[in-house]
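The values are calculated or read from the model by the stated rules, or taken from the named source; none is laboratory data. All values reported here derive from a predicted model rather than from experimental measurement. With ideal geometry, Cβ positions are generated from the backbone for all residues, glycine too; neighbour counts draw on all protein chains shown.
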Amino acid sequence: MKKIAFAIFVSMGLGTSFSAVAAGETITSGEEITGGVDGNCVLLADDVRLNLSNGVSGAYMCDEGTTTIKVGTCHAAGSRTASISCAVVDHDEDNNPIYNNEGCDGTPNQTINEPDYRGYFASTTGGAVGGIYLGGNCTQDTLNGNWYFN
């Protein structure tokens, strides 16, 4: 369910963004994220309302300067597998891929082995929904402060 809500938000956000911030903004289940000039995210053409499953935290960042919306989720029960598959989760201003872990280099089927809690992140600039290590258990603070939103 959380992946469906995440995909809907990302697809609706194409072509829209929030002002640049240094951390993710909390997604409050059932509350609108408003689009347009007077909204939370000028890049959104329409308002978006996400209903997160119980125990799921969500965050977003809307960067008007790069016309990018980034979204992340995690679950309080935690996802703690020993490895993650490398995935492109964003692109920089020169269209170079940004991977979900600094150890990823584009090698096909590459995985990183570091036992840790993880969340799932994606961006409107392309790539895939990728698992990213949180550096601690899933809380709204660890999600909002993840390197992905910087």
Cβ contacts < 8 Å: first residue within 18 Å of Ile112 (Cβ to Cβ) and free of Cβ contacts under 8 Å to residues at least 60 places away in the same chain, restricted to segment 59-83; second residue outside any loop (DSSP other than H, G, I, E, B) and basic (Lys, Arg), any location; separation 6+ or different chain. Result?
Ser79/Arg118; Arg80/Arg118; Thr81/Arg118
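Could you go through segment 77-99 and let me know if any residue there is in contact with a strand residue (DSSP E or B) (Cβ under 8 Å, 6 or more places away or on another chain), among the charged types (D, E, K, R), within 24 Å of Gly30 (Cβ to Cβ) and in a loop (DSSP other than H, G, I, E, B). Break it down stepwise before answering.
The initial filter retains those residues of segment 77-99 that are in contact with a strand residue (DSSP E or B) (Cβ under 8 Å, 6 or more places away or on another chain), namely 79-92, 97-99.
Cutting the leftovers down to among the charged types (D, E, K, R) gives us 80, 90, 92.
Narrowing the set further to residues that are within 24 Å of Gly30 (Cβ to Cβ) leaves none.
No, that holds for no residue.
Every residue, every condition in (1) in contact with a Ser or Thr (Cβ under 9 Å, 6 or more places away or on another chain); (2) surrounded by fewer than 18 Cβ atoms within 10 Å (Cβ to Cβ); (3) more than 23 Å from Trp147 (Cβ to Cβ); (4) at pLDDT 50 or above, yes or no:
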| position | (1), (2), (3), (4) |
| --- | --- |
| Met1 | yes, yes, yes, no |
| Ala7 | no, yes, no, no |
| Met12 | no, no, yes, no |
| Ser17 | yes, no, no, no |
| Asn51 | yes, yes, yes, yes |
| Gly58 | yes, no, no, yes |
| Met61 | yes, no, no, yes |
Tell me, yes or no, whether segment 111-122 has at least one residue that is within 26 Å of Thr26 (Cβ to Cβ), part of a loop (DSSP other than H, G, I, E, B) and of a type in the set (D, E, K, R).
yes
In segment 123-141, the residues that are in contact (Cβ under 8 Å) with a residue 40 or more places away in the chain and either closer than 15 Å to Met61 by Cα or part of a loop (DSSP other than H, G, I, E, B) (or both):
Ser123, Thr124, Thr125, Gly127, Ala128, Val129, Leu134, Asn137, Cys138, Thr139, Gln140
